[in-house]
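Since the structure comes first, as structure tokens, the remarks are kept for the end.
The values are calculated or read from the model by the stated rules, or taken from the named source; none is laboratory data. Bear in mind that the values here come from a model prediction, so they are computed numbers and not experimental data. No Cβ is skipped: glycine too gets one built from the backbone with ideal geometry, and neighbour counts run over all protein chains shown.
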Amino acid sequence: MMERNIGFKERRYIEELRILTKATALDCVIDERFERIIYVIKKGDMGLAIGKKGENIRRMQNVLGKRIEMVEYAEDPHEFLTNIFRPVEIHSIQKDPGTGALLVTIEKKSELGTAIGKKGANIEKARLLMRKFWGAELGEIRIGDETQ
């Protein structure tokens, strides 16, 4: 894992989450482009963070006036990437021998839209987080049997 600097604003958002939900965020990314805050939640704290039927996320959105997204942290970069793309099922993650970028293969073609997200929001989230936590670049998303 890389050494991350957490800025003042991010610390404030992390503290706000702790106060409102009792959950611990290891980090958060303020994504201006998609007007959202992406929290990286300590493993096991996801239920606390989200709250019953997502009520904590709604409360946080009201308090902070931005869209809130949450990803559960994992020690393993592949598991972390799988968490970022949840509920989309990841078939495999490979390193492109040429570029070193991570190539993500998903199970179902029908989930490609979800994996990429509206205007690319989901893939952008994966890019931001993988870069910040692992210094890894994300390549393209492919579908199951398209490899050869």
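What to note about this one:
- Selection status of residue 132, modelled with pLDDT under 95 and over 16 Å from the mean Cα position of the chain (by Cα): no
- Within the range 67-99, the residues that satisfy the criterion of being charged (D, E, K, R) and either assigned to a helix (DSSP H, G or I) or crowded, with 17+ Cβ neighbours inside 10 Å (or both) are 69, 72, 79.
- Residue count for the range 100-148 satisfying the condition of being touching a helix residue (DSSP H, G or I) at 6+ places or on another chain (Cβ under 8 Å) and in a helix (DSSP H, G or I): 13.
- Residue among 55, 32 that alone is assigned by TED's automatic domain parsing to the domain that holds residue 18 and at pLDDT below 95: 32
- Search result, residues across the range 1-23 that are assigned to a loop (DSSP other than H, G, I, E, B) and in contact (Cβ under 8 Å) with a residue 40 or more places away in the chain: 1, 2, 4
- Scanning the range 24-53 for residues that are in a helix (DSSP H, G or I) and either under 10 Å from residue 70 (Cα atoms) or in contact (Cβ under 8 Å) with a residue 60 or more places away in the chain (or both) yields a count of 3.
- Filter pass, residue 70 being in contact with a Leu (Cβ under 6 Å, 6 or more places away or on another chain) and either within 27 Å of residue 10 (Cα to Cα) or in the same structural domain as residue 25 (by TED's automatic domain parsing) (or both): no
- Comparison of 48, 102 shows that the only residue that is in contact with a strand residue (DSSP E or B) (Cβ under 7 Å, 6 or more places away or on another chain), within 21 Å of residue 29 (Cβ to Cβ) and either at pLDDT 95 or above or surrounded by 18 or more Cβ atoms within 10 Å (Cβ to Cβ) (or both) is 102.
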